[in-house]
1. Checking the conditions here, which among V50, V56, V42 is out of contact with any Ser or Thr (no Cβ under 9 Å at 6 or more places or on another chain), in a helix (DSSP H, G or I) and modelled with pLDDT of 95 or more?
2. Go through region 35-80 and count every residue that is of a type in the set (S, T, N, Q) and either within 21 Å of V91 (Cα to Cα) or within 10 Å of the chain's Cα centre (by Cα) (or both).
3. Would you confirm, using the coordinates I've provided, whether A71 is at pLDDT below 95 and over 21 Å from R39 (Cβ atoms)?
4. If I filter region 47-105 down to residues being hydrophobic (A, V, I, L, M, F, W, C) and in contact with a Leu (Cβ under 8 Å, 6 or more places away or on another chain), which single residue comes out as surrounded by the most Cβ atoms within 10 Å (Cβ to Cβ)?
Amino acid sequence: MTTASLNRRSHGEPAGRTHHDQPYREHRQVQVHRTSAARMEVRRRRTNVVLMLAMVTVGSFFLLATTHSTAMMYVFVLSFLSMCAYCYRLVQIRQLEQHQQNSHSDSWFRAA
């Protein structure tokens, strides 16, 4: 490596790469894109689960109302409680994520 290329290097950059290397920048952008894509996939899965639980609850309620069957009552109660428990869990996850974001921004305040 030449002296000029060593002067252009920044801290944490591999020895063979400089600021002007395009593959290094593209690699960083791909990592950021993968993280947001993974978050969107998790969000889509959670939405699908909530919608599926809601459809089962509504369907079992309709069948309970039309057939007056004891078995349908148990299916409805179980699906309704499952949907409530899953929504409660989603709220807990969201509060935990918000708490973690707030704790990072307020960490300087608790340092003293």
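The values are calculated or read from the model by the stated rules, or taken from the named source; none is laboratory data. Every value quoted in this text rests on a predicted model; they were computed, and no experiment measured them. Cβ coordinates were reconstructed from backbone atoms using ideal geometry, including for glycine residues, and neighbour counts include every protein chain displayed.
1. Working: V56 fails: out of contact with any Ser or Thr (no Cβ under 9 Å at 6 or more places or on another chain); V42 fails: modelled with pLDDT of 95 or more.
After ruling out the rest, the residue left standing is V50.
2. Filtering region 35-80 for residues of a type in the set (S, T, N, Q) gives 35-36, 47-48, 57, 60, 66-67, 69-70, 79.
Imposing the further condition that a residue be either within 21 Å of V91 (Cα to Cα) or within 10 Å of the chain's Cα centre (by Cα) (or both) reduces the set to 35-36, 47-48, 57, 79.
Residues meeting the conditions: 6.
3. On the way: at pLDDT below 95: no; over 21 Å from R39 (Cβ atoms): yes.
Considered against the rule, which asks whether it is at pLDDT below 95 and over 21 Å from R39 (Cβ atoms), A71 comes out as no.
4. Step one: list which residues in region 47-105 are hydrophobic (A, V, I, L, M, F, W, C), which gives 49-56, 58, 61-65, 71-73, 75-78, 80-81, 83-85, 87, 90-91, 93, 96.
Subsequent filtering for residues that are in contact with a Leu (Cβ under 8 Å, 6 or more places away or on another chain) retains 50, 72-73, 75-76, 83.
Details: V50: 14, M72: 18, M73: 15, V75: 18, F76: 21, M83: 19.
Looking at residues that are hydrophobic (A, V, I, L, M, F, W, C) and in contact with a Leu (Cβ under 8 Å, 6 or more places away or on another chain), I get F76.
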